[in-house]
Amino acid sequence: MGKFIVTGHYCDEVATKRAPYREAHLAGLAQQKAQGVLVTIGPTQDLRRFFGIYEAVDATQVQTLIEQDPYWQNGIWTDYEVIPWIQAI
């Protein structure tokens with residue numbers, strides 16, 4: 001298992017546009033957390049970016065999880081990058 005940082009951007013007017021998908025989005029994240037693959041995820045205060053930490057088999061697993069999320073599928077997340085990470089401390 002490796003650790004990965006995920007970062008990306010939200011669409012404009014995210015607070016309004018995410019509303020129809022928010023419940024499904026949060027349920028999916030809760031499931032990932034329960035399975036142990038998601039360590040943490042959340043937005044910046046200004047709702048322009050999101051950051052997450054995953055513990056997964058590989059970057060492809062993380063990409064699959066991101067692309068199955070309702071926020072990605074409905075354009076709430078506009079881009080993302082998966083970065084392999086070494087936790088020093």
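Data for the structure
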item: Tally, over region 45-60, of residues that are surrounded by 12 or more Cβ atoms within 10 Å (Cβ to Cβ) and over 14 Å from THR78 (Cβ atoms); result: 8
item: Odd one out for MET1, checked against (1) modelled with pLDDT of 95 or more; (2) exposed (fewer than 13 other Cβ atoms within 10 Å of the Cβ); (3) among the hydrophobic types (A, V, I, L, M, F, W, C); (4) more than 13 Å from the chain's Cα centre (by Cα); result: (1)
item: Region 43-89, residues that are out of contact with any Leu (no Cβ under 8 Å at 6 or more places or on another chain), within 17 Å of ARG22 (Cβ to Cβ) and small (Gly, Ala, Ser); result: GLY75
item: Subset of region 34-61 (residues that are over 19 Å from ILE83 (Cα atoms) and part of a helix (DSSP H, G or I)); result: ALA34, GLN35
item: Long-range neighbours under 9 Å by Cβ, at least six apart or interchain, first residue basic (Lys, Arg) within region 38-59, second modelled with pLDDT of 95 or more and outside any strand (DSSP E or B); result: ARG48/VAL14
item: Residues located in region 4-16, provided they are surrounded by 16 or more Cβ atoms within 10 Å (Cβ to Cβ) and assigned to a helix (DSSP H, G or I); result: VAL14
item: Test: residue in region 5-13 that is of a type outside the set (A, V, I, L, M) and free of Cβ contacts under 8 Å to residues at least 60 places away in the same chain; result: yes
item: Test for LYS33: is it surrounded by fewer than 16 Cβ atoms within 10 Å (Cβ to Cβ) and in contact (Cβ under 8 Å) with a residue 24 or more places away in the chain; result: no
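The values are calculated or read from the model by the stated rules, or taken from the named source; none is laboratory data. These figures come from a predicted structure and were not determined experimentally. Neighbour counts are summed over all protein chains in view; Cβ atoms, including those assigned to glycine, are modelled from backbone coordinates with ideal geometry.
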